[in-house]
Amino acid sequence: MRLWWLRVFALTQKELLQFSRDMILVVAVAWFFIGEVYVAGSGVKMELINAPVVIMDHDRSEASRDWASQLKAPYYKVLGYVNSQQEAYDLLDKGEVIAIFDIPADFEKRLLLGQKTSIQLELDASNIIIGNLANSYSSLMNAEFNQKWMLKTMKIVDAETIQAPMVELRQKIYYNPEGKATWFMPISEMMTVITLLALFLPAAMIVREKERGTIEQLTVAPLTPFQILFPKILAVEIIILLGVAVSVLGVVGAVFQVPFRGSLILFFFVTMVYIYAVSGLGLFIASVSRNLGQALMVSFMVLMPMMLLSGAWTPKEAMPEFQQYLVVLSPLSYYIDMGYSIILKGATIQLIWWPLLQLFALGSILFWLGLIQFNRQLK
Amino acid sequence: MKWSRIKTISTKEWLEIWRDKLYLAMAFLIPVIMMVVLGFGMSMDVEKIPFVAIDYDKTEQSRDYLHNFSDSRYFDYQGMAANEKQAESMMDQNKIRFILIIPPGFQEKLQAGKKVQSQSLIDGLFTYQSKVVKGYVLAINANYNQQLLQNWFAKKQGMKPSDISAMLSPVSLETRYLYNEQMSSLWSTGSGMIMLVMLMAPALLTALGVVREKESGSIFNIYASTVTRTEFILGKLLPYIAISFLNLLVLTWMALVLFGVPFKGDPVLYLVASVLFVSCATGIGLFVSILVKTQASAALITLLGTMIPGMMFSGLLMPVSSMDTPAKIEAHLLPGMYELNIVWGSFLKGQGWSDLWGNMAILALYSMVLWGLAIWKFKKRVAS
């Protein structure tokens with residue numbers, strides 16, 4: 001038994017050594033875990049920030065200026081006033097502004113008369129995220145203006161003193177109270193990176209041996225197929241877990257200050273099981289493909305749906321129904337659920353043991369299938 | 001440079017792809033599958049948000065209030081929870097995204113003309129979605145208040161409903177969505193996916209194709225032949241450009257038919273721009289393949305160089321104008337943003353040559369630089 005383990009370790013060492021000799025690959029992996037995670041967290045926010053807008057003010061009154069003055073940072077950046085519809089549409093077409101606020105000529109007059117008036121918001125909805133957010137923020141802004149105006153006309157100083165039935169809605173955002181994008185994106189990115197590497201690396205390691213013919217050497221060595229394949233997965237586990245440690249402690253923890261609510265050990269344990277499951281898939285792909293090109297293309301094809309079905313980019317309920325059923329098949333969806341639950345929600349093993357077990361079973365089946373296929377090829 | 005030699009290399013490359021049936025199938029399947037999955041999967045529609053309510057009042061008024069939420073197409077009512085603990089555990093398991101709590105005495109206080117506080121607890125995991133949900137909830141609540149106040153003032157002071165409404169909300173904001181009138185995620189991200197998929201797939205295909213020769217050693221045949229490096233690279237790329245262009249046509253057809261995106265622009269412009277963009281994407285793959293030695297690193301680096309920047313720094317998820325300076329610079333350095341301008345310009349905005357020629361010029365320049373670099377960097381000699 002000792003010899004058995006020694007052989008496994010010797011081969012694991014060989015894999016690690018081989019990996020470390022491909023400098024470009026090492027640098028790429030390091031960049032994935034540090035650079036990409038950082039860039040995802042810092043650069044991209046699905047938020048309305050400094051959205052460029054122009055105002056077409058046909059009224060030029062105190063009231064209209066008052067209304068427009070609410071358009072301010074960090075949400076909007078007012079580039080100025082335009083006079084003609086044509087000019088405004090040109091700016092929209094060129095993508096230089098995302099919205100035009102069109103204030104009618106009799107804006108103040110009607111307000112003072114106690115009549116209803118309306119402001120047109122022409123919104124570039126080619127980017128749907130910005131369309132949604134801009135519409136939502138502008139409506140809230142308009143509601144605020146209305147309330148201020150109402151209080152002014154009713155000569156009430158303090159809104160609290162109105163005697164009228166009203167439902168005051170208190171809102172509380174859980175897990176990420178300030179809605180910081182820097183919490184969600186880096187973790188999501190890190191999980192994507194883990195998936196990518198756990199799928200690619202074992203597939204590449206195995207097919208390369210097949211292509212170069214070094215697999216013949218391994219098969220004549222006193223090793224069982226399990227002993228040949230298992231060290232590859234071990235090596236991948238070590239490489240990725242190291243990367244995850246740097247990512248979680250360094251980038252996610254130290255740079256973005258994401259609070260780690262659950263147990264770090266549990267998170268690493270779950271990650272380990274996840275890497276096992278995905279490398280099982282990589283192994284299976286490697287065992288069915290003949291050359292690296294094939295293996296990489298197939299893993300790529302598996303990767304995309306897996307990532308998108310997982311809920312890493314969009315929550316499950318936003319997917320069409322047929323996709324919601326497929327979610328069960330994506331190992332990443334289990335991991336995302338567990339990972340976020342541990343990091344942001346502080347979940348413990350009691351809450352997640354069932355998906356964890358499912359993930360382990362999924363990985364074992366794939367590993368076993370790969371092993372059978374591999375065995376058949378050797379004979 | 002001889003055309004016959006370029007043709008020979010191209011034929012050889014094409015035969016190689018043709019004989020590897022799995023690779024060939026993948027070359028055409030990957031873009032299609034990506035388009036379906038990404039187009040439908042990256043839905044940014046915030047609709048049918050599952051939520052539960054906790055009603056401590058259980059009166060007609062509280063049910064009426066709840067109806068305003070459960071009848072909205074934005075929310076999907078999952079029933080009543082007994083208490084906060086039960087509801088929160090559902091949220092912990094990602095079954096619901098939002099909890100509405102109606103306090104005891106809801107009806108009594110409102111009928112007495114008093115204020116009452118309700119509470120909404122929103123799952124903040126998905127930052128963008130939670131912000132939109134927050135906005136929806138506030139809007140529904142504001143609407144309800146408006147109704148309450150109208151009834152109240154009508155009863156108390158005998159005002160006309162229209163006067164009350166003019167007093168309460170004198171300004172209404174009318175939003176007109178341009179370019180994407182129905183606010184369809186498929187129109188927006190769906191057509192944008194053409195850019196993302198056609199950035200990744202050709203680059204990956206080309207990178208693997210060139211590095212394969214290096215890794216298997218067949219590149220030595222080229223080193224020893226009379227083919228010049230320009231001829232080799234041009235010949236090598238032609239089949240990949242052809243495949244990718246075909247793919248792009250298929251994806252465009254998918255956007256039009258499967259996603260129902262309108263095409264308002266100039267088809268000729270779009271086709272010319274597509275050729276430019278495809279050469280750009282293959283150029284990226286080519287450039288990567290010159291730098292690396294193994295297919296594994298080629299695949300990883302191509303993905304690194306295309307997927308994440310294509311998704312994050314192209315304006316697909318977040319407009320370039322809202323990015324901070326380093327991200328903005330990165331966006332301008334990559335071809336994705338220009339192609340997205342062309343795709344959205346052609347499909348949604350109906351722009352023509354006068355609006356888009358700048359983007360096309362940059363794409364042309366980009367592919368020339370990449371190809372030039374690749375030819376310059378490609379050495380017909382083994383580095384010792």
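The values are calculated or read from the model by the stated rules, or taken from the named source; none is laboratory data. Here the structure is a predicted model, which means the values were calculated and not measured. Reconstructed Cβ throughout: ideal geometry from the backbone, glycine too, with neighbour counts over all protein chains shown. Only protein heavy atoms, including side chains, enter the accessible area calculation; ligands, DNA and RNA are left aside. Shrake-Rupley method; radii C 1.70, N 1.55, O 1.52, S 1.80 Å.
Summary table
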quantity: Count of residues meeting criterion [closer than 19 Å to B:L208 by Cα and either open to solvent by less than 40 Å² (accessible area, probe 1.4 Å) or not assigned by TED's automatic domain parsing to the domain that holds B:R229 (or both)] in the stretch B:1-24; calculated: 7
quantity: Among the residues listed as B:K114, B:K134, the single one being among the charged types (D, E, K, R), in contact with a strand residue (DSSP E or B) (Cβ under 7 Å, 6 or more places away or on another chain), modelled with pLDDT of 85 or more and under 26 Å from B:R63 (Cβ atoms); calculated: B:K134
quantity: Qualifying residue in the stretch A:320-341 (condition: at pLDDT 80 or above, touching a Pro at 6+ places or on another chain (Cβ under 8 Å) and open to solvent by less than 10 Å² (accessible area, probe 1.4 Å)); calculated: yes
quantity: Residue under evaluation B:Q295, criteria (1) at the interface with chain A (Cβ under 9 Å from one of its Cβ atoms); (2) open to solvent by 10 Å² or more (accessible area, probe 1.4 Å), criterion not met; calculated: (2)
quantity: Flag for B:V261 being of a type in the set (A, V, I, L, M), more than 9 Å from chain A (Cβ to nearest Cβ) and open to solvent by 40 Å² or more (accessible area, probe 1.4 Å); calculated: no
quantity: Residues being within 29 Å of B:R229 (Cα to Cα), open to solvent by less than 40 Å² (accessible area, probe 1.4 Å) and assigned to a helix (DSSP H, G or I) - total across the stretch B:356-383; calculated: 8
quantity: Residue satisfying condition, being touching a residue at least 24 places away in the same chain (Cβ under 8 Å), farther than 14 Å from A:T195 by Cα, in contact with a helix residue (DSSP H, G or I) (Cβ under 6 Å, 6 or more places away or on another chain) and not charged (D, E, K, R), within set A:V236, A:V278, A:V258; calculated: A:V258
quantity: Any chance B:A281 is among the small types (G, A, S), within 26 Å of B:V210 (Cα to Cα) and without any contact (Cβ under 8 Å) to a residue 12 or more places away in the chain; calculated: no
quantity: Which listed residue is within 30 Å of B:I301 (Cβ to Cβ), open to solvent by 10 Å² or more (accessible area, probe 1.4 Å) and not acidic (D, E), from A:P305, A:P355; calculated: A:P305
quantity: Top-ranked residue of the stretch B:25-46 - restricted to ones that are more than 8 Å from every other protein chain (Cβ to nearest Cβ) and open to solvent by less than 10 Å² (accessible area, probe 1.4 Å), ranked as farthest from B:I233 (Cα to Cα); calculated: B:G39
quantity: Elements of type helices (runs of 4 or more DSSP H) in the stretch A:80-165, at least 3 residues being crowded, with 17+ Cβ neighbours inside 10 Å and within 41 Å of the chain's Cα centre (by Cα); calculated: A:85-94, A:128-153
quantity: From B:K109, B:K85, residue being buried (at least 16 other Cβ atoms within 10 Å of the Cβ) and at pLDDT 85 or above; calculated: B:K109
quantity: Candidates B:Y65, B:Y77, filtered to the one that is open to solvent by less than 10 Å² (accessible area, probe 1.4 Å) and outside the structural domain of B:T230 (by TED's automatic domain parsing); calculated: B:Y65
quantity: Single condition A:A295 does not satisfy, out of (1) within 27 Å of A:L264 (Cβ to Cβ); (2) at pLDDT 75 or above; calculated: (1)
quantity: In the stretch B:24-50, the residues that are free of Cβ contacts under 8 Å to residues at least 40 places away in the same chain and either among the polar types (S, T, N, Q) or under 16 Å from B:I243 (Cα atoms) (or both); calculated: B:L24, B:A25, B:M26, B:L29, B:I33
quantity: Residue check, A:F260 surrounded by fewer than 18 Cβ atoms within 10 Å (Cβ to Cβ), not hydroxyl-bearing (S, T, Y) and not in a helix (DSSP H, G or I); calculated: yes
quantity: Residues of the stretch A:174-233 classified as part of a loop (DSSP other than H, G, I, E, B) and in contact with a strand residue (DSSP E or B) (Cβ under 8 Å, 6 or more places away or on another chain), total; calculated: 2
quantity: Residue count, the stretch A:97-140 (criterion: more than 7 Å from chain B (Cβ to nearest Cβ), under 18 Å from A:P52 (Cα atoms) and in contact with an Asp or Glu (Cβ under 9 Å, 6 or more places away or on another chain)); calculated: 7
quantity: Top-ranked residue of the stretch B:129-161 - restricted to ones that are closer than 14 Å to A:S136 by Cβ, in contact (Cβ under 8 Å) with a residue 40 or more places away in the chain and in contact with a helix residue (DSSP H, G or I) (Cβ under 6 Å, 6 or more places away or on another chain), ranked as nearest to the other protein chains (Cβ to nearest Cβ); calculated: B:V132
quantity: Qualifying position, being in contact (Cβ under 8 Å) with a residue 12 or more places away in the chain, out of contact with any Cys (no Cβ under 9 Å at 6 or more places or on another chain) and within 9 Å of another protein chain (Cβ to nearest Cβ), among A:M191, A:M205; calculated: A:M205
quantity: Selection status of B:I17, more than 30 Å from A:Q163 (Cβ to Cβ), in a helix (DSSP H, G or I) and not basic (K, R); calculated: yes
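Per-residue answers, yes or no, for (1) in contact (Cβ under 8 Å) with a residue 60 or more places away in the chain; (2) polar (S, T, N, Q); (3) crowded, with 18+ Cβ neighbours inside 10 Å; (4) closer than 30 Å to A:R170 by Cβ:
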{"position": "B:D163", "(1), (2), (3), (4)": "no, no, no, no"}
{"position": "B:L186", "(1), (2), (3), (4)": "yes, no, yes, no"}
{"position": "B:L205", "(1), (2), (3), (4)": "yes, no, yes, no"}
{"position": "B:E215", "(1), (2), (3), (4)": "yes, no, yes, no"}
{"position": "B:N221", "(1), (2), (3), (4)": "no, yes, no, no"}
{"position": "B:S225", "(1), (2), (3), (4)": "no, yes, no, no"}
{"position": "B:I241", "(1), (2), (3), (4)": "no, no, yes, no"}
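Residues are listed down the side, and each one gets a yes or a no for (1) under 22 Å from the mean Cα position of the chain (by Cα); (2) outside any loop (DSSP other than H, G, I, E, B); (3) within 24 Å of A:M307 (Cβ to Cβ):
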site: B:L248; (1), (2), (3): yes, yes, yes
site: B:L269; (1), (2), (3): no, yes, no
site: B:G283; (1), (2), (3): no, yes, no
site: B:A296; (1), (2), (3): no, yes, yes
site: B:T302; (1), (2), (3): yes, yes, yes
site: B:G305; (1), (2), (3): yes, yes, yes
site: B:M318; (1), (2), (3): yes, no, yes
site: B:E339; (1), (2), (3): yes, yes, yes
site: B:S354; (1), (2), (3): no, yes, no
